[in-house]
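Here the structure is laid out as structure tokens; the discussion comes afterwards.
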């Protein structure tokens, strides 16, 4: 099995862009730097600006199986994509195994994002519990910490 340094991610899905923007603002106020934050959202005219402000990088449009076109940015996207562009091939649900989530967790994240939710992830091993608490506190549904790191079971 191939190994990669994917890091530990804490992931939650907010119900919409407004809720995600509030949650991302709270994470930033708590000292989480832009470079540890990731966002994946179905293509929306307002999403690009929110992603740019939160993660400090322009969103990349990606065509994902089961989701269609999404805007995405941050270290989670690189970890899910691997070295061979796996994210666009296998989709969000299956790719979440790369960062320690079970397939059913990935299916939930994908379904919530498909319904208009905004997936937010924080890469932080040492502050994973803080990130989880903030996601829950600001309405990040199904928020969880990846169970293991560095494995590529795809």
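Residue under question is residue 32, and the condition is that it be closer than 14 Å to residue 146 by Cα and part of a loop (DSSP other than H, G, I, E, B); does it hold? Criteria not met by residue 32.
Counting only helices (runs of 4 or more DSSP H) that fall entirely inside region 80-146 and contain at least 1 residues that are at pLDDT below 90 and buried (at least 16 other Cβ atoms within 10 Å of the Cβ), the qualifying elements are 86-95. Each residue in region 133-142 was checked for being in contact (Cβ under 8 Å) with a residue 40 or more places away in the chain and more than 13 Å from the chain's Cα centre (by Cα), and 5 pass. Applying a threshold of 6 Å to beta carbon distances and a minimum spacing of six or more residues, or different chains, the list of pairs starting in region 3-30 at a residue that is over 26 Å from residue 97 (Cα atoms) and ending at one that is modelled with pLDDT of 95 or more and part of a strand (DSSP E or B) is empty. Residues in region 33-51 include at least one that is surrounded by 23 or more Cβ atoms within 10 Å (Cβ to Cβ), in contact (Cβ under 8 Å) with a residue 12 or more places away in the chain and farther than 17 Å from residue 143 by Cα. Taken together, 22, 63, 72, 57 contain a single residue that is assigned to a loop (DSSP other than H, G, I, E, B), over 14 Å from residue 131 (Cβ atoms) and either at pLDDT 95 or above or touching a strand residue (DSSP E or B) at 6+ places or on another chain (Cβ under 6 Å) (or both), which is 57.
The values are calculated or read from the model by the stated rules, or taken from the named source; none is laboratory data. Since the model is a prediction, treat every value here as computed from it, not as a measurement. All Cβ positions, glycine included, derive from the backbone under ideal geometry; neighbour counts span all protein chains shown.
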